[in-house]
Amino acid sequence: MKDDAFYNRVGGDRIESRQIDELIGLCRGMAADGAINQLEAEFLQKWLAANASISGHSVIQTLYQRVSEVLSDGRLEDDEAIDLLSTLDQLSSRDFEHGEVLKSSDLPVCDPAPDLVFEDRLYCFTGTFNFGRRAECEKAVLAKGALPGSLTKKTDVLVIGVYATESWKHSSFGNKIVKACEMRDEGVPISIVSEAHWQRYL
């Protein structure tokens, strides 16, 4: 029995490793031309649906949920395509460890991370979020009494989505992070935090 369990686990790990390799290849192919269209998004959704049913890997499960949300109305809007392309760029730029989503190891978040307050505070979101689409993140802080919006010198907190890699400076949302860092260096009281830290306060 123990031997069966061992071989089943090893076999499952090999399947997931193969799935992740294939997913990275798909992401690289779709992101290569700097755009993603409706047909590509629908193909990715079908691939994820087929593989999510036989995989417990969090990356596959999470991405399937995200793509399904984007296509829930049957249309891939321009802003949704941009967010999805950013996610595919980031997914294709690194390897995955079993059971992990992408880490944001060198992001310029505040250290130590500050306690977060929502009432009458201004929040800005950048990047791609495990929590859901940016609109859902904004609804979450609205429910807590905060106001979401664009990055300005009045912004209290910038939240960076978990799907950020070491190459964040070259990503589509890197300029916003750089601008927030410059503001912080100039003495603007803005907090820069990770999605994981932000979620702990919801």
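The values are calculated or read from the model by the stated rules, or taken from the named source; none is laboratory data. Since we're looking at a predicted model, the values are computed, not measured. Here Cβ is always computed from backbone atoms with ideal geometry, including for glycine, and neighbour counts include all displayed protein chains. In case anyone asks, the SASA skips ligands and DNA or RNA and just uses the protein heavy atoms, side chains included. Shrake-Rupley method; radii C 1.70, N 1.55, O 1.52, S 1.80 Å.
Quick one: how many residues across region 18-35 are within 17 Å of I82 (Cβ to Cβ) and surrounded by 20 or more Cβ atoms within 10 Å (Cβ to Cβ)?
Result for region 18-35: 3.
Can you confirm whether D78 is open to solvent by 60 Å² or more (accessible area, probe 1.4 Å), farther than 22 Å from A32 by Cα and at pLDDT 75 or above?
No; evaluated as a whole, the condition is false for this residue.
Looking at region 102-117, is at least one residue of a type in the set (V, I, T), surrounded by 17 or more Cβ atoms within 10 Å (Cβ to Cβ), in contact with a helix residue (DSSP H, G or I) (Cβ under 8 Å, 6 or more places away or on another chain) and modelled with pLDDT under 70?
No, because not a single residue in region 102-117 is of a type in the set (V, I, T), surrounded by 17 or more Cβ atoms within 10 Å (Cβ to Cβ), in contact with a helix residue (DSSP H, G or I) (Cβ under 8 Å, 6 or more places away or on another chain) and modelled with pLDDT under 70.
List pairs: first in region 76-90 and farther than 15 Å from Q45 by Cα, second open to solvent by 20 Å² or more (accessible area, probe 1.4 Å) and not in a helix (DSSP H, G or I), Cβ under 6 Å, 6+ apart or cross-chain?
S86/S172
Pull out all pairs, ordered by first then second residue, where Cβ-Cβ is under 8 Å, the residues are six or more apart or on different chains, the first lies in region 35-50 and is over 13 Å from Q65 (Cα atoms) and touching a residue at least 40 places away in the same chain (Cβ under 8 Å), and the second is loosely packed, with under 14 Cβ neighbours inside 10 Å and among the hydrophobic types (A, V, I, L, M, F, W, C).
Listed by first residue and then by second, the contacts come to nothing, as the list is empty.
For region 140-181, what are the residues that are open to solvent by 50 Å² or more (accessible area, probe 1.4 Å), at pLDDT 95 or above and in a helix (DSSP H, G or I)?
Once the filter is applied, which keeps residues that are open to solvent by 50 Å² or more (accessible area, probe 1.4 Å), at pLDDT 95 or above and in a helix (DSSP H, G or I), region 140-181 yields L142, A143.
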